[in-house]
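Nothing in this text is a laboratory measurement; each read-out follows from the coordinates by a stated rule. Source: prediction; values computed, not measured. Heads up, the Cβs are rebuilt from the backbone with ideal geometry, glycines too, and the neighbour counts pull from every protein chain shown.
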Amino acid sequence: MTAAASSDADLIAAHAAGDPRAFAEIVRRHRDRMWAVALRTLRDPEEAADALQEAFISAFRAAGSFRAESQVTTWLHRIVVNACLDRVRRRQARPTVPLPETGPGEPVTPRDAMSERETKLVVQTALRELSDDQRVPILLVDVEGYSVAETAKMLGIAEGTVKSRCARGRAKLAKVLGHLRNPDADANVPGSAVDGRGVPTRRQREGR
Amino acid sequence: MTDEVRGGRGPWSVDLLADLHAGVLDPAQSQRLWAQVNTDPQARAVLDALESVRTGLGDLGAAPVEPMPAQFSARLDAALEAEARRAFGGGVAVAPPQNAGQQPLPQTFAPVVSLDQARRRKGRVAAWAGGLVTAAAAAVALAFVVLPNTTDGTAVPPSAMLPGDQGPGSERPLAVGRGDLGAAIGKVGTDKDYGALRDQAGLDRCLRANDIDATTAQVVGVKPVTLDGTPGTLAILLPPGELGKLQVLVVKPDCAPIANEVIGR
């Protein structure tokens with residue numbers, strides 16, 4: 001089979017049928033995206049690489065049980081996330097890495113002055129401020145797009161706990177990202193606290 | 001949960017608004033609060049900030065990704081090649097369902113494990129291997145945890161078990177005593193003589209049979225031995241995440257463990 005021209009599902013089927021090169025093509029197609037997922041979740045490149053290797057080996061071995069009605073990317077993504085979560089659980093005691101440049105609540109560069117890449121880096125950096133308990137649910141729900149129910153199942157916690165941890169994490173990120181000037185004030189956020197730039201129209205998304 | 005709302009309007013706790021935004025609150029309370037915050041510009045500003053965070057996070061997930069660094073992707077490729085070789089190569093354990101009659105992989109599939117694993121973690125193996133003889137000569141006692149030995153029943157195709165076949169290049173087995181495994185480490189060193197296990201694939205099969213992940217195991221040395229008179233093959237491994245320790249696994253040709261100990265400082 002010409003691997004490059006085949007669909008992901010065809011490649012999985014070819015792999016399960018004994019094609020020794022089919023899985024390599026799957027990896028080639030999805031490696032970088034999955035690397036981003038692993039790195040975001042684990043933060044440490046060495047650990048992310050190990051998790052990704054475990055995940056792909058696991059997928060290699062489990063390909064025979066892949067169900068064609070689901071997307072290969074979705075299937076792979078779940079395997080990678082689970083490999084990362086296993087590692088997060090094992091390192092729960094490790095302290096978080098503090099932000100070196102900006103303290104909580106200190107405004108960062110205005111969003112509209114940033115390139116997309118800079119914004120991405122700022123958000124990634126801000127995520128490092130969160131504990132694993134808050135960061136991982138936020139990654140799964142807000143970044144990776146899993147529902148609250150799916151996230152709760154993957155993490156083995158209640159849906160309410162997922163929502164609560166996301167709420168705490170988002171509040172902290174809002175402070176770290178400078179969206180709230182007076183983050184420690186218990187309430188009346190001054191009108192100037194949010195400059196309005198880059199703030200989208202509010203949608204009342206109460207979890208997913 | 002955080003502060004209660006004081007009065008019909010704020011001040012509002014950021015945490016309370018975050019809970020409201022995330023759907024943490026019960027429906028009745030949520031409905032009541034939404035009605036209030038929707039008429040309060042200050043509360044709406046906080047909610048807009050929280051929504052902005054979500055938007056930024058969503059953008060992060062959709063943003064173009066950086067390629068996996070070359071050193072990691074090379075390592076991944078090597079591990080997958082090793083896995084493919086095990087799965088599709090001759091006589092190894094993890095065979096796909098329809099593998100009968102499958103042609104052996106061409107030689108582009110490198111003889112695995114030791115080489116790619118040696119690349120891992122920038123010479124950690126080499127550093128350890130270099131210290132082995134010294135450690136043994138100093139008769140450093142490394143304490144080893146005996147792991148439960150569970151065989152998964154899938155690992156050993158009968159055709160791969162060749163008792164008595166020490167394989168090409170084998171020398172006379174090294175006589176080892178159970179109470180003297182630390183000294184044996186120095187005698188095995190970094191030799192790779194698989195004896196009755198024949199080759200790396202045979203060793204990998206036994207690693208898996210003893211609940212050791214063959215894809216990540218870092219093998220320092222392998223040598224045929226007799227352990228208190230019982231013939232077997234001794235493998236020295238670097239246990240993952242346990243710097244300063246070595247794992248000694250001694251198995252019979254059918255992968256049954258004779259010794260499995262972690263020797264550490």
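A few points about this structure:
- Convex hull projection area averaged over all views, region A:1-92, Cα basis, nm²: 5.7
- Mean projection area, nm², convex hull over Cα of region B:185-237: 3.5
- Averaged over the residues of peptide B:58-70, the number of Cβ atoms from other protein chains lying within 10 Å of each residue's Cβ is 6.
- Ranking A:VAL88, A:ALA48, A:LEU11 by Cα position along the charge dipole of region A:1-92, where only Lys, Arg, Asp and Glu carry charges on their C-beta atoms, puts A:VAL88 farthest toward the positive end.
- Projected-area mean, region B:14-62, by convex hull of Cα positions, square nanometres: 3.5
- Amide H contacts of B:GLN218: B:LEU238, each under 5 Å away and 5 or more positions distant or on a separate chain (H built 1.01 Å from N in the peptide plane; Pro and chain starts excluded).
- For the peptide A:11-21, the mean number of other protein chain Cβ atoms found within 10 angstrom of a residue's Cβ is 4.
- Peptide A:43-56 is shielded by partner chain Cβ atoms: per residue, an average of 4 of them sit within 10 Å of its Cβ.
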